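Below you'll find the structure, written out as structure tokens, and then a few comments.
The values are calculated or read from the model by the stated rules, or taken from the named source; none is laboratory data. Since the structure is predicted, the reported quantities are computational estimates derived from the model, not experimental observations. Every residue, glycine as well, gets a Cβ built from its backbone with ideal geometry; the counts of neighbours run over all protein chains shown. Accessible surface is based on the protein model in full, side chains and every heavy atom, while ligands, DNA and RNA are left aside. Shrake-Rupley method; radii C 1.70, N 1.55, O 1.52, S 1.80 Å.
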Amino acid sequence: MLSPDGALVWGFDQHGETDGGRVLPMDRPSSRQELASAVTGAVQASAAYGKGSCPILVAGAPGDAASRVQVPVRLEQVAQKLQTFGNVHFLPNLSQTAPSDLSDGAEVSLFGIDESEGLVCVPGALTRHFELVAGRLVAFTTEMTSELQAACMVTLEQHRQEEADQSFAEAVFMEWAERSLDTDNAVSSFAVHAALELGQLAAEHRACALSGLLIGAEIAAHYDPGDDVILVADGDLAERYGLVLDVLGADVVEYSAKECQADGMWELAELAGLLSA
């Protein structure tokens, strides 16, 4: 959601939680109409909004089937499918039937990059892999890599019946990532537990090894050596996905996720005609 000065003020992530920018206190709404009322009151009361009545653009908000746009779709058509309640304009979420998939906000990044064609990787709690062809979003896939890692870490701790402070070691991360990239000889996530038990892996590196294994498997499933990949990420996710894509042999263009979200919201607002409202 944009404030009048273009700042990313507030938004939902895929769990309905606030993600990025300023957090506006409110209970989670049961409908978009209820959310529109809550957002209007909260934003108008915030210093970021000021005293005007600027349009409010919201992306990634929960919605029903009618609030989704079916993929394949041209990107500019997304901005033409706003759901409006008063001064609050909701961007549609995306759906796909073959294979079944949903995207609730990550697609905003597609409007913040310069390219209109290519393979786009947007890591997060849920990672999205988008395919763009001449300004048309033709397919996307959602991966639960971060959530799988969290669940596997709980299981590993239960097996070991101990906790250890975790640290990142690039050499360990890449060793396990390369095992997944070698799809002819890839190993399962249980191999991390086995390596711990056999003394082949230090306890403080189990999260690092598991992350490498899972991200490697994800990258191997979606990309091939020589692919042009647009990576939209910040911080640790940018570093780790970037490392694995480089080892795979992909040609990577990197963008900041935060900047892409903000730039994408501006672009969507312009396409929707809200900036001249």
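Remarks
- Two-site FRET efficiency, Gln158 against Ser188, from Cβ-Cβ distance with R₀ of 22 Å, rounded to 0.05: 0.80
- In the context of the full set of protein chains, the range 62-119 has a per residue accessible area of 45 Å² (1.4 Å probe).
- By accessible area, using a 1.4 Å probe on protein heavy atoms only, the range 51-109 has 53% of its surface on carbon and sulfur.
- Fully extended contour minus Cα-Cα distance, from Glu147 to Ala134, at 0.36 nm per residue: 1.4 nm
- Each Lys and Arg contributes +1 and each Asp and Glu -1, all at the Cβ; summed about the Cα centre of the range 129-277, the dipole is approximately 320 debye.
- Taken along the Cα-to-beta-carbon direction at a fixed 7 Å, the label points for Glu239 and Glu270 span 3.4 nm.
- Theoretical FRET efficiency, 1/(1+(r/R0)^6), r = Cβ-Cβ of Gln166 and Gln77, R0 45 Å, to 0.05: 0.55
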